2 protein chains.
Amino acid sequence: MQSNSNTGNTVFTHETVPTQYVDVKGSKFAYRSFGKQGGIPIIFLQHFTGTMDNWDPAVTNALAKNHHVILFNNKGVSTSSGKTPDSVAEMANDALDFIKALGYSQVDLLGFSLGGFIAQNIAANHPSLVRKVVLAGTGPIGSEGITNLESVINEGFKDGPANALINLFFTKSEESINAGRAFMKRLQLRTNERDTPSTNETIGAQAKAIITFGYLKDDDHKQLSAIKQPVLIVNGTSDLIVPSINSYVLSQHIINSKLIIWGDAGHGGLFQYHEDFVREVEIFLSK
Amino acid sequence: MQSNSNTGNTVFTHETVPTQYVDVKGSKFAYRSFGKQGGIPIIFLQHFTGTMDNWDPAVTNALAKNHHVILFNNKGVSTSSGKTPDSVAEMANDALDFIKALGYSQVDLLGFSLGGFIAQNIAANHPSLVRKVVLAGTGPIGSEGITNLESVINEGFKDGPANALINLFFTKSEESINAGRAFMKRLQLRTNERDTPSTNETIGAQAKAIITFGYLKDDDHKQLSAIKQPVLIVNGTSDLIVPSINSYVLSQHIINSKLIIWGDAGHGGLFQYHEDFVREVEIFLSK
């Protein structure tokens with residue numbers, strides 16, 4: 001599939017790249033492939049409720065200048081068919097099947113939040129497939145605070161859905177809120193062929209997967225110790241969804257890691273500080 | 001003093017710059033000034049027991065390419081006369097007096113360990129003097145674990161003084177130990193006009209200052225909240241002297257901060273990862 005004429009053309013951007021579909025064990029997975037061809041692709045693993053349209057074009061387009069970027073909807077999410085499973089391990093298997101369906105033997109992973117839980121699982125269990133990993137706004141098995149997901153989300157939605165992502169991904173400072181508004185505008189830059197929202201069934205399964213992940217125990221951090229690949233860990237200081245201390249815990253147990261925590265930023269630190277984030281990712285992937 | 005013909009000449013390096021002396025309220029302070037002239041100087045604030053010779057030329061020379069670098073021995077340390085005080089606050093006042101004696105109205109501070117305690121004090125209390133701050137291997141007032149200083153140091157010295165800095169600043173991995181050995185070699189690159197070791201009296205006063213700093217309380221982190229300047233915080237994941245969690249705490253309470261924690265590194269993470277450290281400092285100081 002790497003030579004598919006419609007994928008990864010550098011002419012395409014986040015805004016213009018057509019959605020494609022690939023058969024993954026009987027399910028139809030939607031994906032968007034663009035950016036520089038020929039190198040190891042970056043597979044983006046998305047957060048709770050998110051679709052391909054929830055990736056920030058300031059990040060995807062900037063990374064696409066030097067990398068092959070692949071966004072996708074995991075099983076049952078938005079335009080991908082099938083039933084979304086209710087465990088991180090099954091979601092990791094689905095993502096793995098998707099990567100195999102595209103025919104890649106080596107990839108980099110960029111996982112945000114729930115996508116970071118999935119990325120850890122794949123990186124630990126498939127060391128030859130995964131070269132490098134970027135973990136944003138995420139944490140280990142048993143992450144402190146993520147079992148509170150529903151109350152945190154409800155609080156984020158208290159003044160309506162329009163402000164929910166700003167409430168949940170940014171802090172209460174004027175600077176961070178302004179960054180959140182700019183982020184929300186960027187999410188609308190793609191106007192054609194937008195994803196449908198995730199169904200309540202998918203959101204329920206994802207919520208169960210996240211909360212279960214929070215109750216699971218991995219006291220010796222066996223999964224993190226199994227990750228020998230280079231890992232870049234980023235977050236804001238004030239993550240409401242996956243509390244920032246979990247990023248610190250990741251760095252304590254992933255031997256080949258670099259942790260970055262930005263001040264006055266939340267779960268969406270990678271979008272608030274998208275220039276610094278892209279710069280760090282570029283250096284991380286190139287060395 | 002900024003036009004002193006013998007200071008800050010770009011011809012000089014860490015290895016070749018002559019030691020100069022300046023009168024600071026009746027004490028004679030030793031300093032070394034080199035690098036690019038005309039901008040805001042970086043004042044380096046040194047760790048427990050350290051002298052100017054304990055700065056890594058891989059860091060100082062690299063930063064000197066684009067910045068005016070000033071190393072000094074604080075009151076009573078090595079070649080500086082006077083009696084080393086036994087509190088961080090007094091050491092901060094001495095450093096402040098030194099900066100004023102050189103005639104600077106604005107500086108950047110780079111504080112390592114005890115030097116970081118001092119840098120926080122100056123930055124919080126003198127916002128117009130201090131433009132930006134780099135804090136390495138350090139923590140806030142009441143830092144967790146630093147009251148164990150003596151047992152940690154004794155453990156570091158258990159196989160003799162030659163290995164003490166490697167034991168205390170690096171981890172037990174082969175890679176980190178090798179980085180430690182390379183660091184130790186770099187510390188010997190300057191052969192002329194080396195500093196004398198700190199006296200036991202100075203070391204005792206510094207130890208008391210550090211342990212007292214660990215017992216002090218600043219529960220609301222008033223000092224950190226008072227620091228509004230941009231602050232770059234760095235450490236390794238496995239700091240034995242100022243446990244790494246203290247760097248995380250700094251980032252939680254300094255609003256305009258960026259935290260970096262390198263994997264498989266200790267207190268001396270800035271020396272183990274000197275290339276990444278210099279790159280980060282350059283970007284931090286330039287933006």
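The values are calculated or read from the model by the stated rules, or taken from the named source; none is laboratory data. Remember, predicted model here, so these are calculated numbers, not experimental data. Cβ atoms come from the backbone with ideal geometry, glycine included; neighbour counts cover every protein chain shown. Note: accessible area is taken over every heavy atom of the protein model, side chains too, but ligands, DNA and RNA are not part of it. Shrake-Rupley method; radii C 1.70, N 1.55, O 1.52, S 1.80 Å.
Given points 7 Å out from each Cα along the Cα-Cβ axis, report the A:Lys158 to B:Tyr21 separation in nanometres with one decimal.
Output for this residue pair reads 6.5 nm.
Placing a label point 7 Å from Cα toward Cβ, how far apart in nm is A:Pro161 from its equivalents in the other copies, listed shortest first to one decimal?
Label-point separations across copies, in nm and ascending: 7.1.
What does the copy distance list look like for A:Lys287, label position 7 Å along Cα→Cβ, in nm and ordered from shortest?
Listed shortest first, these distances are 1.7 nm.
What lysines could a cross-link reach from A:Lys36, if we take a straight Cα to Cα line under 19 Å and drop same-chain neighbours fewer than 8 places away?
Within reach: A:Lys65, A:Lys132, A:Lys287.
Per-residue Cβ counts within 10 Å, from other chains only, averaged over B:204-211: what number is that?
Other-chain Cβ atoms within 10 Å of each residue's Cβ, averaged: 0.
Accessible area per residue of region B:20-83 at 1.4 Å probe, in Å²?
Accessible surface, normalised per residue, equals 30 Å².
Rank A:Glu280, B:Glu282, B:Glu174 by accessible area, highest first, at a 1.4 Å probe radius?
B:Glu174, B:Glu282, A:Glu280
Accessible area drop of at least 30 Å² (1.4 Å probe, protein heavy atoms): which residues of region A:219-240 qualify, relative to the chain alone?
Buried-area filter returns A:Thr237.
To the nearest 10 square angstrom, how much accessible area does B:Thr191 have with a 1.4 angstrom probe?
Answer for B:Thr191: close to 110 Å² accessible.
Report, in cubic angstrom per residue, the convex hull volume of the C-alpha atoms of the protein assembly as shown.
Spelled out: Cα convex hull of the protein assembly as shown, divided by residues, is 147 Å³.
In nm, what does the list of distances from B:Lys36 to its counterparts in the other copies look like, shortest first, when each label sits 7 Å along Cα to Cβ?
Nearest first, the other copies' label points are 2.6 nm away.
Run the accessible area of the protein assembly as shown with a 1.4 Å probe and give the carbon-and-sulfur part as a rounded percent.
Accessible surface attributable to carbon and sulfur in the protein assembly as shown totals 52 percent.
At 0.36 nm per residue, and after removing the present C-alpha to C-alpha distance, how many nm does the segment from B:Ser105 to B:Arg131 gain when stretched out fully?
8.4 nm
For every helix of n ≥ 4 consecutive DSSP H residues, a contribution of -39,500 (n - 2.57) applies; sum these over chain A, divide by its total residues, and give [θ] at 222 nm rounded to the nearest 500 deg cm²/dmol.
For chain A, the value works out to -11000 deg cm²/dmol.
Which semi-axis lengths, in whole Å and largest first, follow from the square roots of five times the eigenvalues of the Cα gyration tensor of region B:20-286?
Equivalent-ellipsoid dimensions as semi-axes: 23, 21, 20 Å.
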